[in-house]
1. Based on Cα positions only, what radius of gyration and what Dmax would you give for region 77-149, in angstroms?
2. How much length is gained if the chain between Asp256 and Thr235 is pulled fully straight, taking 0.36 nm per residue apart and subtracting their Cα-Cα distance, in nm to one decimal?
3. Please order Arg78, Arg160, Arg262, Arg43 by the number of other Cβ within 10 Å, starting at the fewest.
4. Treating only the Cβ atoms of Lys and Arg (+1) and Asp and Glu (-1) as charged, compute the dipole magnitude of the chain about its Cα centre; round to the nearest 20 debye.
5. Just to be sure I understand: of the beta bridges DSSP finds with both ends in the chain, what percent are antiparallel, rounded to 5?
6. Round to a whole angstrom and tell me the spacing of the C-alpha centers of region 101-149 and region 252-270.
7. For Ser100, what charge total do you get from the other residues with a beta carbon under 11 Å from its beta carbon, if Lys and Arg give +1 and Asp and Glu give -1?
8. What is the count of Lys pairs in the chain whose alpha carbons sit under 24 Å apart, if the two are 8 or more places apart or on different chains?
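What follows is calculated from the coordinates using simple rules that are stated; it is not laboratory data. Owing to the predicted nature of the structure, the values given are computational and were not obtained by experimental measurement. Positions of Cβ are generated from backbone atoms using ideal geometry, with glycine treated the same way; all protein chains shown enter the neighbour counts.
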Amino acid sequence: MRTLIAGLAAATMLATAAPAHDPVRTMEAAAAALAMDNRAEDRARDQYRHPAETLDFFHVAPGMTVIDYMPASGWYTRVLVPFLGADGQYIGVNPDPAISPNAGFRDYAGKLGARFEEQAQSWSLEGAPWEVYYSNEFTDAMKGTVDRALIFREMHNLHRNGVLQTELARLRDVLKDDGMLGIVQHRAPAWHSGDMTDGSRGYMRQKDVIGLVEANGFELVATSEINANPRDPATWERGVWEMPPVWGTKNEQTRDLGESDRMTLLFRKR
């Protein structure tokens, strides 16, 4: 499934030099994107997700070609499309539905593309042309054309469903030689045992995420505490979903804690 909205066909994408990262320009473009009318219901999460600071840390600039991996309900889509602007390109990517040993995940992933396209029609997106792919639909023309790949709170799903290695390899393949991978992920305490950080509760240890990504063709550039939340003990019986914005909105114990504690990691393709 590939859908191109008012933009450049994938077959004609060129591996041009990435626009230079200018922190001032990034913050100005982010402020304009965050003020868009179609983000009225999203804005309450800004205080926990720090989108402007996160994009700046990931060295994302207007005019870049950026992959938003597993964009789900489009929270970051509605930031990135106006942020990247008419000279940029937004690519939503979902995991290959066929490769997971988990039948439930295969069924779930197989519906993501159509669901995203249907929902996106009502988002009033203005800015960069956008596309949505499954990773197995990447073409030879896309190799080496992407400036940034961003994975927001999805590493646990890739890890626990057995698709992490394949998906990272495919992202690496389409990144430019100097392309970078940005990750925000729910963070477990470093002392947590393996059965608490296998992804089934949504949390992973930071050193494990770094190790897995570096083992698959990337090198760590920097870490940030932008999205840290020391109030989250990350020991919930039902995992990260005990925290807002899921069950936490109905749970008095977690309702006022904000969102989960999160690591923020930047890697470079090697």
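1. My reading of the Cα-based Rg and Dmax gives 13.6, 39 Å.
2. Values: separation 21, 0.36 × 21 = 7.56 nm, distance 1.64 nm.
Full extension from Asp256 to Thr235 adds 5.9 nm.
3. Details: Arg78 24, Arg160 18, Arg262 27, Arg43 11.
Going from least to most buried by this count: Arg43, Arg160, Arg78, Arg262.
4. On the way: 29 positive and 37 negative charges, 73 e Å.
Charge dipole of the chain: 340 debye, to the nearest 20.
5. Values: 16 of 38 bridges.
Beta bridges within the chain, antiparallel portion: roughly 40 percent.
6. For region 101-149 versus region 252-270, the Cα centre distance is 23 Å.
7. Numbers: positive: Arg106, Arg160; negative: Asp96, Asp107, Glu167.
Residues near Ser100 contribute -1 overall.
8. Details: Lys143/Lys176; Lys143/Lys269; Lys176/Lys269; Lys207/Lys269.
Value for the chain: 4.
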